[in-house]
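Each remark here refers to the structure printed beneath this line.
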Amino acid sequence: MIDQIQWLGYGGFIIHGPPLIYINPWRLSRITFTADVILIGHGHFEHFSPSDIEKVRGPDTLVLTNAEVASQLPGAEVLREFQSRVVDRARITALPAYSTSSAVHARENGGLGFLISVNLFDVLYAGDTEVTPEMQRVSPDIAILPIDGNGTMSVEVAAQYVVETRPRYVIPCNWGAGGITAADVDRFKTLVGDRAIVHVPPQPK
């Protein structure tokens, strides 16, 4: 399953199910696939890019997001916190993604992460969030975690979450921009140690 997850850069991913799930498509160049599902966590530009959404959105594509984004994106469906939607072989559950220490990702802004159960794996896309009580109740097989520390988990905090929850694999995201580099990913790997396999998909070309 880990090889079916493709990094699009920063916080964007494709999960090659089925169904074919895009998460926060941004700065797309070559378009190979039309999405079955598009998940948008919140309204910041690096997560919500209407032009990129339209590149991979077909007539039957389901777009799931929060109320803020849905109000700006005709045809999108609101997925409330803890609400689930079953699409083909996947169950997608919205989780709150927020920070208690930064107004950038305040709880009232309605940011979302997603727990995606597909092909007998639970994949946690945490979204732009600190470690929250809601996340601590989840035991994913694969965790996709931010490491930028911009109102989200830092390298150290994300590593500690992995140590405590023990997913089989972890993919760091929100790096490659904003001063967060491959050196930070290497530090993350060192801190995680043998508690999980840190998988770093190749950067898109």
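Before moving on, here are some points about what is shown:
- Ser139 surrounded by fewer than 23 Cβ atoms within 10 Å (Cβ to Cβ), free of Cβ contacts under 8 Å to residues at least 24 places away in the same chain and under 16 Å from the mean Cα position of the chain (by Cα): no
- Tabulated pairs, region 74-86, first assigned to a loop (DSSP other than H, G, I, E, B), second at pLDDT 95 or above and of a type in the set (A, V, I, L, M, F, W, C), C-beta under 6 angstrom, 6+ apart or interchain: Ala76/Val63; Ala76/Ala70; Leu79/Leu64; Leu79/Ala94; Glu81/Ala94; Gln83/Ala94
- Scanning region 1-59 for residues that are in a helix (DSSP H, G or I) and either touching a Pro at 6+ places or on another chain (Cβ under 9 Å) or within 23 Å of Val198 (Cβ to Cβ) (or both) yields a total of 7.
- Candidates Ala70, Ala97, Ala90, Ala76 - the one that is touching a His at 6+ places or on another chain (Cβ under 8 Å) and at negative phi: Ala97
- Candidate set from region 60-73 (those that are more than 15 Å from Ile21 (Cα to Cα) and without any contact (Cβ under 8 Å) to a residue 40 or more places away in the chain); member that is surrounded by the most Cβ atoms within 10 Å (Cβ to Cβ): Val69
- Put simply, of Pro74, Pro96 the only residue that is farther than 17 Å from Asp128 by Cβ, modelled with pLDDT of 95 or more and not aliphatic (A, V, I, L, M) is Pro74.
- Segments classed as helices (runs of 4 or more DSSP H), wholly inside region 87-196, with at least 1 members that are touching a helix residue (DSSP H, G or I) at 6+ places or on another chain (Cβ under 6 Å) and among the aromatic types (Phe, Trp, Tyr): 182-192
The values are calculated or read from the model by the stated rules, or taken from the named source; none is laboratory data. All values derive from a computational prediction rather than experimental measurement. Here Cβ is always computed from backbone atoms with ideal geometry, including for glycine, and neighbour counts include all displayed protein chains.
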